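Every read-out reported here was derived from the displayed coordinates using simple, explicitly stated rules and does not represent laboratory data. The shown structure was predicted, so the numbers you read here are calculated from the model rather than taken from an experiment. Quick reminder, even Gly has a Cβ in these numbers, built from the backbone with ideal geometry, and neighbours come from all protein chains shown.
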Amino acid sequence: AQSVSQHNHHVILSEAASLELGCNYSYGGTVNLFWYVQYPGQHLQLLLKYFSGDPLVKGIKGFEAEFIKSKFSFNLRKPSVQWSDTAEYFCAVNAQTGANNLFFGTGTRLTVIP
Amino acid sequence: EAGVTQFPSHSVIEKGQTVTLRCDPISGHDNLYWYRRVMGKEIKFLLHFVKESKQDESGMPNNRFLAERTGGTYSTLKVQPAELEDSGVYFCASSQIRDQETQYFGPGTRLLVL
């Protein structure tokens, strides 16, 4: 069965600090990888996705993520966070073949202090 | 282009009552998914429609949950009778057939069963 682990439940950073949120997944086949974000009072939005090719993917708002196949990881990074990045971040995977429903991690709440 | 919409945004009901949640996907999206997040846990897949057909309902918790998508447009998810453990946020998502891996989420319906 597929599963996704997000190691940090709550991260608190000051503005301009660098961010790295961990995500590991467990699955026996080839997967697509996603990071979604939910800003306070808003719906889930897609930050970035990886299907194939360059394992370093860039998303919106300066976020990027690196797929490391040998570590089953897809960590999210941003060099310098802003107060407006305060949100909950979700890592998700789905299978490249067959059912394409998403499997999510438990989410990481990021609080950025001005 | 309008996004995925869900109604109601919040619902508070008593144990044993019935609640019906509605999801309107993005126009032209044949794939429609229901997910649920119980407090503190991960977002979990419930079921997937392709047009009006149930493609995968492996995530439905039990037979108190009934989902329909008559006509292949909007979908409803009925919980009857509701139990305390059904409390959570119910998300709907939709995607196109040609880019089905990328799912767009609605704002969710927050359900509280007392």
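Taking max minus min of the alpha-carbon positions on each principal axis, chain A gives extents of 44, 27, 21 Å, largest first. For the residue pairs B:Lys15/B:Lys78; B:Lys15/B:Lys41; A:Lys58/A:Lys78; A:Lys49/A:Lys78; B:Lys15/B:Lys54, the alpha carbons lie more than 18 Å apart in B:Lys15/B:Lys41; B:Lys15/B:Lys54. A simple spin-label model places pseudo-atoms 7 Å from Cα toward Cβ; at A:Ser3 and B:Leu66 they are separated by 3.5 nm.
Report the antiparallel proportion of the DSSP beta bridges in the protein assembly as shown as a percent, rounded to a multiple of 5. Before the final figure, lay out the partial values.
On the way: 67 of 76 bridges.
Rounded to the nearest five, the antiparallel share is 90 percent.
Per residue of A:90-101, what is the mean number of Cβ atoms on other protein chains within 10 angstrom of that residue's Cβ?
On the way: counts 3, 1, 3, 0, 4, 1, 1, 0, 1, 5, 10, 15.
The shielding value for this peptide is 4.
Magnitude of the Cβ-charge dipole of chain B, K/R +1 and D/E -1, about the Cα centre, nearest 20 debye? List each step's numbers first, then the result.
Working: 13 positive and 14 negative charges, 44 e Å.
With only Lys, Arg, Asp and Glu charged at Cβ, the dipole is about 220 debye.
The trypsin sites (Lys or Arg not before Pro) of the stretch A:1-86 include none that DSSP puts in a loop with a beta carbon having at most 10 other beta carbons within 10 Å. For the stretch A:29-114, chymotrypsin sites (Phe, Trp or Tyr not before Pro) meeting the loop criterion (DSSP other than H, G, I, E, B) and having at most 15 other Cβ atoms within 10 Å: A:Phe51. Think of chain B as a dipole: +1 on every Lys or Arg Cβ, -1 on every Asp or Glu Cβ, centred on the Cα centre; then among B:Thr5, B:Ser75, B:Asn63, B:Asn63 lies furthest on the positive end.
Can I get the semi-axes of chain B's equivalent ellipsoid? Compute them from the C-alpha gyration tensor as square roots of 5 times the eigenvalues, in angstrom, largest first. Walk me through the intermediate numbers first.
Numbers: eigenvalues 105, 38, 33 Å².
With the √(5λ) rule applied to chain B, the semi-axes are 23, 14, 13 Å.
Across peptide B:35-48, the average count of Cβ atoms from other chains found within 10 Å of a residue's Cβ is 4. The ellipsoid equivalent to the alpha-carbon distribution of the protein assembly as shown has semi-axes of 29, 21, 16 angstrom, derived from the gyration tensor eigenvalues as √(5λ) and listed largest first. Across the stretch A:34-99, Cα-Cα pairs farther apart than 14 Å form 59% of the total. With q set to 0.17 Å⁻¹, the log10 of I(q)/I(0) for the stretch B:27-91, from the Debye formula over equal scatterers at the Cα positions, is -0.58. Using only side-chain charges placed at the Cβ, +1 for Lys and Arg and -1 for Asp and Glu, the dipole size of chain A relative to its Cα centre rounds to 140 debye.
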